[in-house]
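Shown next, in structure tokens, is the structure this report addresses.
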Amino acid sequence: DDEIIAKIIKNKSILVTGGAGSIGSELSYQISKLNPKKIIILDQSEFNLYNIKKKLTSPNTKENKIKFVLGNVNKYELIDSIIDNYKIDFIIHAAAYKHVPLLESNITQGLLNNVIGTQVICECAYRKNVKKVMLISSDKAVRPTNVMGASKRISELIVQAYAKLSKENK
């Protein structure tokens, strides 16, 4: 429902992790049309970040409306500084490795990015009182049969645990 989504986004500072990836770039594009106060697009790929910047900016784009940050979701200091500097209201966490065959042969990096990255996002959001965190997951997390699905399922459990913790401490 576009109206409901627009109410959540309008006049808010939004951080999209993995915001220049295949899923994150489409989310960033759609969010940019919903009148956020700011959208911060975080990605570790310089090339993808450059491409989404070309797509989302024009001579009419307000300088402070969209920021493009090159960095990794696994860095607490980076995530903390983004939340503080841009007064983030809502994090859409789309940063993830999702190509099953690559992750099967690169298990450590898949877990580091997908699981630890989610834990960093949730921990920083919790400590900084970010109002909303949304994880973009995968149908492969339902009954995981591979590293990617298992890593996304663990990420879902991390988000649920922090959501419960947040409710208990209010």
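The values are calculated or read from the model by the stated rules, or taken from the named source; none is laboratory data. Predicted model only: the values in this text are computed from it and were never measured. Glycine gets a Cβ as well: all are built from the backbone with ideal geometry, and neighbour counts include every protein chain shown. Calculation scope for accessible area: heavy atoms of the full protein, side chains included, ligands and nucleic acids excluded. Shrake-Rupley method; radii C 1.70, N 1.55, O 1.52, S 1.80 Å.
What to note about this one:
- When we screen Lys62, Lys87 for residues that are out of contact with any helix residue (DSSP H, G or I) (no Cβ under 9 Å at 6 or more places or on another chain) and at pLDDT 95 or above, the only hit is Lys87.
- Asn85 free of Cβ contacts under 8 Å to residues at least 24 places away in the same chain, over 26 Å from Lys152 (Cβ atoms) and over 12 Å from the mean Cα position of the chain (by Cα): yes
- Filter result (assigned to a loop (DSSP other than H, G, I, E, B) and under 19 Å from Asp43 (Cα atoms)) within the range 97-137: Tyr97, Lys98, His99, Ile136, Ser137
- Taken together, the criteria exclude Ser166 from residues that are open to solvent by less than 70 Å² (accessible area, probe 1.4 Å), more than 15 Å from Ile14 (Cβ to Cβ) and not in a helix (DSSP H, G or I).
- Evaluation of Ile79 against (1) under 19 Å from Arg153 (Cβ atoms); (2) of a type in the set (A, V, I, L, M, F, W, C); (3) assigned to a helix (DSSP H, G or I) (one fails), failing number: (1)
- Within the range 129-158, considering residues that are more than 16 Å from Ile116 (Cβ to Cβ) and touching a Gly at 6+ places or on another chain (Cβ under 7 Å), the one modelled with the highest pLDDT: Ser138
- Residue among Val120, Val115, Val100 that alone is within 18 Å of Ile14 (Cα to Cα) and among the β-branched types (Val, Ile, Thr): Val120
- Output for the range 92-145, where each listed residue is in contact (Cβ under 8 Å) with a residue 60 or more places away in the chain and open to solvent by less than 30 Å² (accessible area, probe 1.4 Å): Ile92, His93, Ala94, Ala95, Ala96, Gly117, Ile121
- Flag for Thr108 being in contact with a strand residue (DSSP E or B) (Cβ under 9 Å, 6 or more places away or on another chain) and modelled with pLDDT under 95: no
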